[in-house]
Amino acid sequence: MIGLTHFLILAAILFVCGLLTVLTKRHAIGILMGVELMLNAANINLVAFNHYSAGDRLDGQVFALFVIVIAAAEAAVALAIFLNFYNNFGSVDVERANELRG
Amino acid sequence: MFELPILLILLIALPLVASALLLVLGRRFDEPFSGYLGTGVAMLSFGVSILTLVTWIYGGSTGGQGWGHDRGPYLDFIRWIPIGYYDAQRTPGYLALSVYVDSLTIIMMTMVAFVSAVVHLFSLAYMKGDTRYPQFFCYLSLFSFCMMGLLVSGSLLQLLIFFELVGLCSYLLIGFWRERPAASAAAIKAFVMNRVGDVGFIVGMCLLIGYFGSVTLPDLWLMLASGAHAGVMSTTMLTVIGVLLSFGAFGKSAQFPLHTWLPDAMAGPTPVSALIHAATMVAAGVFLLARIYPILTPDARLFILIIGATTILIGSLCALAQRDLKKALAFSTIGQLGYMVLAIGVGSWTGAMFHLLTHAFFKSLLFLCAGNVIHTMHHDHRLEHFGGLFRRMPVTGVTFAIGTLAMSGAPFMSGFYSKEMIIAHASAWANLAGEQHRAALLQLALWVPVAAAYLTPLYMTRLWMLTFAGRPRKRKLYKHAGEAGVMSFPLVVLSGMAIFAGFSWFPIQSMVEGTIKETRNYIASMPHLDPGRADPFKTAWPTLSSPTETVTENGEPTEPRDVLRSPVERRVEAGYHTAHLLTGWAWLAGIMVGVAIWAPGFAVTDRLAKIAPLGWVRQFLAHRMYFDDLYDLVFVGATHIATGVAVGIDRFLIDPALDGVARLTALFGKASAKIDDAAVDGVVRGVGQTIWLGGGAMRLAQPGRIRVYVASAVGILVLVIGTMVVVGLTR
């Protein structure tokens, strides 16, 4: 029987995949992808919790929808930043974005 | 008639305007024009002075307080500086700017304007080609202005101011050829010697201000004549003041202790010597003595008399041995000024002023003649290089001879009358002193001028013979010698004056005598004064107004009318007889001896000088009695010693002290630098370093690498959640 724990484990695996992607990638788009993975891991948690503990209320699903919308907006903003970044540096390598280092 | 004030203002302002014009625009005017401007103004001044003279004698105002010849002085004043209170009524005292004009002023102004005009005319040719031609005329005009200002001065303060101004002009003109070291040195010497005298003058004046609160001449005369001084000061104090004041005159008139500047002043251009150092400026000292005569006590006059007699001897003797034409003339000027000073001393006020005026004419004549000679000899002054010049310059020779005769006191020449008057008065004074059984030495007051009356024609003849007679001693110079008409004309004019100035119909004598009368009238017109007691000239000898002898119809002289004469007048009359007896033929004796000795040039004197004592005497006189060397030794030497001492103190006392202070300061500075470095800077630096270190630590956390940020964020998150979980589980 598949319970809540299985979903949480899946979400955790997905989150860690996203986190590792963010930590290891130097390509900005890759990092954005990792972030999407982490957001989706959170979405799975939201929907799973709603399903197993909230009865017939749809709070979790609605919240997940919000997250998806925000993720779309965030992708738009991030892509705009990358475009600008590319214009200035000729690449989208985040290692080079270190002008504000202490 | 013309307005007197306007004429006086014109007389003073004209030369000033000319001088200012030449000073400002002198460089734009080319050579002859600046000379013509100066000369034109000088001639104009002379014209104005004649008008003034005529106005003074025939114009004038009548009435009790009127001014004019034989009537009274013209005076006016402006209160200038209030100086406290000076009398019982608590009247505020003032130093006044005042004008005091009497016959003496007028005739002196005429004389100055005349000599100035003649000298200007002479300078036109004499200074031709000089690089500073306009400047020369500028200074001459400035001098005329200062001299006029001096003559109208009505207070000692003003007299002092103009004394300094004429001194300045004298300085500028002596050092006119400033490229010559001798001229510069002579200018400075003249200035310094005059300052020495002026110190006395200033101190005397300050004493008068202190005691009386006024130095205006009429005030002084009134106070002293009325005996108002008796309560304020002792007679000794008054004597001291008189002596101090006369020091100013001694400096200006080159009298005994301060006479050494005048021979050196001959380094200036010769027209300057004629105008300033013969006729006018040096006479200003005697003029001062004449002005303060009423306040001179008998003791002060005795002092002046001694100085005058000494100066006569120095001047007359040194003139005998000078090898420089102009220096010999300078010493003769000193001698003649000595006559005037002695005359003041014996109370011959009229004689001194009379001699001053006649001397101005014949001495400036002699100097201009010398200028003519020097000009043609290419500025060689040495008598050794002259000789035989009469054939080349007859006009100069004749006029020089006239000057010589006038100065020697040959009959019917101007010098005859003035010198005779002085000797007569000196004789009267000596006579009186003898009767009062005062020191027998005082008889020298008569014998010194008498001796000088023999010496004067001697040295003047020497000059004439060595210059104009004999064989020319310097062929090359002689060949080109000659005289120009332009330069001879002034000589002729002056020699006319040298002849006629002494005659009684000439206005000089009457003007001088009128001065006394005017002053007496002025004093007498003052209220609350006893005119008998208050006579400011009560110690002066009278001149004889009518001839001493009259001739009866059959041609025999009658006895002098003793009955009509006062004892004083009889004494003067006896003095005239003595003068006739002692010096009547002095001029001829002197000239004959002079011709005998110097006709063959230096031959006789050189042979005489081989006899040891005579040679020493000649050496002594030629070196001007070693006064310059003495002053060098005493004053310059003392100054050098004082300087050495001062340098020693400076070097060994003040310098080390200063150095020590400086060293201490340096040490202190170094210590304070260390403290600064260690303590103050350390604190500041420590603060900075700490912040720097902190910043370094902080920047470790800001490496600029996104993965580190993300990893640390995740790490912290894990830590927080882990902690929460652990805490939650253990609870």
Inset, instruction - Specify the residue that is nearest to the chain's Cα centre (by Cα); the eligible residues are those in segment B:701-715 that are of a type in the set (A, V, I, L, M, F, W, C) and facing chain A (nearest Cβ under 9 Å). - result: B:ALA701
Legend entry - Residues that are β-branched (Val, Ile, Thr) and surrounded by 12 or more Cβ atoms within 10 Å (Cβ to Cβ), drawn from segment B:600-619: B:VAL604, B:THR605, B:VAL617
Inset, instruction - Consider B:ALA410 carefully, then state whether it is assigned to a loop (DSSP other than H, G, I, E, B) and either small (Gly, Ala, Ser) or modelled with pLDDT of 90 or more (or both). - result: yes
Legend entry - Leading residue by the ranking (surrounded by the most Cβ atoms within 10 Å (Cβ to Cβ)) among those in segment B:160-172 that are over 21 Å from B:LEU4 (Cβ atoms) and hydrophobic (A, V, I, L, M, F, W, C): B:PHE163
Inset, instruction - Kindly indicate whether any position in segment B:692-700 is in contact with a Lys or Arg (Cβ under 8 Å, 6 or more places away or on another chain), within 14 Å of another protein chain (Cβ to nearest Cβ) and surrounded by 13 or more Cβ atoms within 10 Å (Cβ to Cβ). - result: no
Inset, instruction - Evaluate the following for B:VAL398: is it part of a helix (DSSP H, G or I), at pLDDT 90 or above, under 27 Å from the mean Cα position of the chain (by Cα) and surrounded by fewer than 24 Cβ atoms within 10 Å (Cβ to Cβ)? - result: no
Inset, instruction - May I ask you to verify whether B:VAL718 is within 14 Å of chain A (Cβ to nearest Cβ), of a type in the set (A, V, I, L, M) and in contact with a helix residue (DSSP H, G or I) (Cβ under 6 Å, 6 or more places away or on another chain)? - result: no
Inset, instruction - Keeping to segment B:96-150, report how many residues are farther than 30 Å from B:MET205 by Cβ and of a type in the set (A, V, I, L, M). - result: 7
Inset, instruction - Would you check if B:ALA279 is surrounded by 24 or more Cβ atoms within 10 Å (Cβ to Cβ), more than 18 Å from B:LEU151 (Cβ to Cβ) and more than 11 Å from the chain's Cα centre (by Cα)? - result: no
Inset, instruction - Just need a number here: residues in segment A:78-97 that are more than 14 Å from chain B (Cβ to nearest Cβ) and under 30 Å from A:PHE49 (Cα atoms). - result: 0
Inset, instruction - Would you be able to say whether some residue in segment B:218-241 is small (Gly, Ala, Ser), buried (at least 18 other Cβ atoms within 10 Å of the Cβ) and more than 22 Å from B:THR333 (Cβ to Cβ)? - result: yes
Legend entry - Pair list, Cβ under 7 Å, 6 or more apart: segment B:24-50 residue over 21 Å from B:MET148 (Cβ atoms), other residue loosely packed, with under 14 Cβ neighbours inside 10 Å: none
Inset, instruction - Return yes or no: is B:ILE276 out of contact with any Gly (no Cβ under 6 Å at 6 or more places or on another chain), farther than 27 Å from B:LEU224 by Cβ and not basic (Lys, Arg)? - result: yes
Inset, instruction - Report yes if B:PHE500 is surrounded by fewer than 21 Cβ atoms within 10 Å (Cβ to Cβ), over 26 Å from the mean Cα position of the chain (by Cα), more than 25 Å from B:LYS419 (Cβ to Cβ) and at pLDDT 85 or above, otherwise no. - result: no
Legend entry - Qualifying position, being crowded, with 17+ Cβ neighbours inside 10 Å and out of contact with any Cys (no Cβ under 6 Å at 6 or more places or on another chain), among A:LEU10, A:LEU14, A:LEU20: A:LEU14
Inset, instruction - May I ask you to say which residue of A:LEU100, A:LEU37 is within 14 Å of chain B (Cβ to nearest Cβ) and not in a helix (DSSP H, G or I)? - result: A:LEU100
Legend entry - Filter pass, A:GLY60 being within 14 Å of chain B (Cβ to nearest Cβ), part of a helix (DSSP H, G or I), small (Gly, Ala, Ser) and surrounded by 14 or more Cβ atoms within 10 Å (Cβ to Cβ): no
Inset, instruction - Please enumerate the residues belonging to segment A:1-34 that are farther than 23 Å from A:ALA76 by Cβ, more than 13 Å from chain B (Cβ to nearest Cβ) and of a type in the set (Val, Ile, Thr). - result: A:ILE2, A:THR5, A:ILE9, A:ILE13
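The values are calculated or read from the model by the stated rules, or taken from the named source; none is laboratory data. On a predicted model such as this, the values are computed, not experimentally measured, just so you know. All Cβ positions, glycine included, derive from the backbone under ideal geometry; neighbour counts span all protein chains shown.
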